[in-house]
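**Student:** The structure is given below, and queries will be raised subsequently.
The values are calculated or read from the model by the stated rules, or taken from the named source; none is laboratory data. Given the structure is predicted, the values throughout are model-derived calculations rather than measurements. Glycine also receives a Cβ, built like all others from the backbone with ideal geometry; neighbour counts cover every protein chain displayed.
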Amino acid sequence: MQVVETDAQLVARCREGDDDAWRELVERFSRYVYAIAVQAFRLSQADAEDVFQEVFARAYENLPKLRDDNAIRPWLAQLTRRLCLDSLRSGAREQVGDLPEPSGVDETISQLDEALAVHEALATLPDNCREILDRFFARDESYRLIGEALDLPAGTIASRISRCLVKLRGELEGRNVPAPESGG
Amino acid sequence: MHEYNEETLANLLRTLPTPPQAWVKAAQEIPLARRGLDDIVERARADQAFRDALIADLERALEVAGFDSDPALAEAVRERLFL
């Protein structure tokens, strides 16, 4: 089982000027920020890219001002939300000041929070499980592609995914789930 | 406690798609950019003598150009300029 640094520990290292910590922080939250932009606010890829870069630029600048290092996720969510709304408003021709958030933003972000928790649990799994679940579900890779990348027979991928999901569920529910017997 | 069946987990894993790798890399390089990476790369592309100096001895060329010794910055310059 992997030991994963807490958000607060990671933020503390970033604040000390540790470039590796910053890279890890971006890696940890990049999907979350991206998903808020494209799923909750339905921004175009071009606008989402602008928001994505601006979120991390501002996060880098303002990290020293963050009062609670554990609050990095909601802080990033709020920052992303504000910048997405600015992006929508700058693209609107009329009633710029009145443009409301799209409907369902709260629900979508709530679901993204839950998804992030699942990804955090995923990060604690052994490399083989983490890799195969991420490739199949998040990167939408085929059994054949995963088999080639991980040097595994394509016919075994489905069962490995299933076993890894059991491990992931065990991690999330705080239960002791027996490790998969082989490779997965 | 939330009931995480296989389908729920699969859906939640799919909910966070991967952003383009170039976006992530650019964001990860923010500290380096703040330390002058973009300026160095731009200058190397515009100034052949500076580029030649970087190729000959990257760390020394950066030092002469006024940058503090910084292995991470040097590595990023090397990568960006394919040195």
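**Student:** I need a count of the residues in segment A:130-174 that are among the hydrophobic types (A, V, I, L, M, F, W, C), under 27 Å from A:Glu5 (Cα atoms) and within 12 Å of chain B (Cβ to nearest Cβ).
**Tutor:** Residues meeting the conditions: 11.
**Student:** Could you say whether any residue in segment A:89-98 is among the acidic types (Asp, Glu) and at pLDDT 90 or above?
**Tutor:** Taking every residue of segment A:89-98 in turn, none turns out to be among the acidic types (Asp, Glu) and at pLDDT 90 or above.
**Student:** Moving to a separate point now. Please state which of the following conditions A:Ser110 fails to meet, knowing it meets all the rest: (1) more than 30 Å from A:Val166 (Cβ to Cβ); (2) assigned to a helix (DSSP H, G or I).
**Tutor:** (1)
**Student:** Then there is this: Which residues, taken from segment A:124-144, are more than 11 Å from the chain's Cα centre (by Cα), among the hydrophobic types (A, V, I, L, M, F, W, C) and not in a loop (DSSP other than H, G, I, E, B)?
**Tutor:** A:Cys129, A:Ile132, A:Leu133, A:Phe136, A:Phe137
**Student:** If you check A:Ala37, A:Ala8, which single one turns out to be more than 14 Å from every other protein chain (Cβ to nearest Cβ), out of contact with any Lys or Arg (no Cβ under 9 Å at 6 or more places or on another chain) and part of a helix (DSSP H, G or I)?
**Tutor:** Answer to the check: A:Ala8.
**Student:** Which ones in segment A:147-184 are within 19 Å of B:Glu6 (Cα to Cα), among the hydrophobic types (A, V, I, L, M, F, W, C), at pLDDT below 90 and part of a helix (DSSP H, G or I)?
**Tutor:** Once the filter is applied, which keeps residues that are within 19 Å of B:Glu6 (Cα to Cα), among the hydrophobic types (A, V, I, L, M, F, W, C), at pLDDT below 90 and part of a helix (DSSP H, G or I), segment A:147-184 yields only A:Leu172.
**Student:** Can you tell me which residue is farthest from A:Ile36 (Cα to Cα) among those in segment B:1-30 that are more than 7 Å from chain A (Cβ to nearest Cβ) and within 16 Å of the chain's Cα centre (by Cα)?
**Tutor:** Ranking the candidates gives B:Glu29 first.
**Student:** Also, I was wondering about something else. Tally time: how many residues in segment A:11-34 are within 12 Å of A:Tyr60 (Cα to Cα) and either facing chain B (nearest Cβ under 8 Å) or touching a residue at least 60 places away in the same chain (Cβ under 8 Å) (or both)?
**Tutor:** Number of matching residues: 6.
**Student:** Quick one: which of B:Val77, B:Val64 is more than 12 Å from chain A (Cβ to nearest Cβ) and touching a residue at least 40 places away in the same chain (Cβ under 8 Å)?
**Tutor:** Of B:Val77, B:Val64, the one residue that is more than 12 Å from chain A (Cβ to nearest Cβ) and touching a residue at least 40 places away in the same chain (Cβ under 8 Å) is B:Val77.
**Student:** Would you confirm whether any residue within segment A:41-50 is away from chain B (no Cβ under 11 Å), buried (at least 21 other Cβ atoms within 10 Å of the Cβ) and under 17 Å from the mean Cα position of the chain (by Cα)?
**Tutor:** yes
**Student:** Return yes or no: is A:Ser30 buried (at least 17 other Cβ atoms within 10 Å of the Cβ), within 29 Å of B:Leu73 (Cβ to Cβ) and of a type in the set (S, T, N, Q)?
**Tutor:** Criteria met by A:Ser30.
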